[in-house]
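Note sheet for the following structure.
Values quoted throughout were computed directly from the atomic coordinates according to the rules given, and no laboratory measurement underlies them. Keep in mind that this is a model prediction, so the values were computed, not measured. Note: ideal-geometry Cβ built from the backbone for every residue, glycine included; neighbour counts use all protein chains shown.
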Amino acid sequence: MAHHLSPQSSIFVAGHRGMVGSAIIRCLQRQGFANIITRTHDELDLTDQTAVREFFASESVDYVVLAAAKVGGIHANNTYPAEFIYRNLMIQANVIHGAWAAGVRSLLFLGSSCIYPKFAHQPMREEDLLTGVLEPTNEAYAVAKIAGIKMCEAYNRQYGTRYFSVMPTNLYGPGDNYHLENSHVIPAIIRKYHLAKLAMQGDLEGILNDERVFGEIPGDIKEAIGFNRSSGLGEHLPQVLLWGTGNARREFLHVDDMADACVFLMTTDALASLSGSNPQTSSFLNIGTGRDITIKEVAALICDIVRFSGKTVYNPEQPDGTPQKLLDTSKMNKLGWRPQFGLREGLTDAYRWYCAQIDS
């Protein structure tokens, strides 16, 4: 981008404690950016317009990375749609408008691949946005994210800013959420295999430790691994219980690759070369690997990495979700960016981080 981000530039990363925000900070620091501004939720409530305006008035900011959002899996999206649409719309409106009002010319907004229509052709291209109905279970979240993209476009068109959005595919890696009530598919599978392995080893202490760090183990999982808080571990061989048929196809990107893509876009003239002289024509890009895999295949990989030798049982009564979700990443690839992590290597890294949290 033409504003030339330098190592001295002050960069405000909103949502720095989340998986994406923390990965972007790690990547910026590795590349020599030292002037990174962060605020915890207690220090700055991004849904509070006055507080956001005062923050921008008191800090000199050159670049904003908007990675703050209320996120969750299918269950959370379906149960709390009002919270998802309200919180995300407020955060985006306050930060984007606040940045513009304070004269910040450059902003990177983190979207999500759920913005695409439920029945979009695979792989999904940037042009497919708003060409069909959304998946009902996460419609509130998707509508908020679409509003964020369109808000960036509108400010570019009216005010000549360079506000840009990226749409990552399913992310995983360090900093992920492992709470089984509302985690995404990879952390849920990692944790289920790890717990089953501990049960297989008769490591009751390890299971209680895991529960202390990552939250309560739901009843069906306890039953599958034969765990009972009062009587310890049962007689039957522990097994891993997974939702659906395992045939749904998903694309997975390591969060450090995602962060690398963001910093790549922040520090190059990529946007200008992509859209010619008109930044509105291509205001967002898909970020992914361009390859997908079945849930069954990813589970088999995780099972191998965790070294669980027992049985995996699929429950076809539970939903698979969309049969396939794959992003067309050809525009990003054309700019010269490619992910570095292979899936096995990335999953091994995620499992290492998970184990380190329990041991610390």
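Taking a ≥ b ≥ c as the square roots of the eigenvalues of the alpha-carbon gyration tensor, the stretch 40-171 is classed oblate because a/c is 1.5 or more while a/b is no larger than b/c.
Ordering 155-162, 193-200 by mean Cβ neighbour count within 10 Å, with the highest value first, yields 193-200, 155-162. What does the charge count around Ile96 come to, taking other residues whose C-beta lies under 13 Å from its C-beta (Lys +1, Arg +1, Asp -1, Glu -1)? Value of the local net charge: +4.
Hand me the trypsin sites (Lys or Arg not before Pro) from the stretch 299-333 located in a DSSP loop with no more than 13 other Cβ atoms within 10 Å, in residue order please.
Listed in order of number, the matching sites are Arg307.
Overall shape: oblate for the stretch 291-360, with the ratio a/c of the largest to smallest alpha carbon gyration tensor axis at 1.5 or above and b/c at least equal to a/b. Candidate cross-link partners of Lys311 among the lysines, defined by an alpha-carbon separation under 19 Å and a same-chain spacing of 8 or more, comprise Lys192, Lys197, Lys222, Lys296.
The ellipsoid equivalent to the alpha-carbon distribution of the chain has semi-axes of 37, 22, 19 angstrom, derived from the gyration tensor eigenvalues as √(5λ) and listed largest first.
Annotation: peptides 174-186, 118-130, ranked by per-residue average of other Cβ atoms within 10 Å with the highest first, follow the order 174-186, 118-130.
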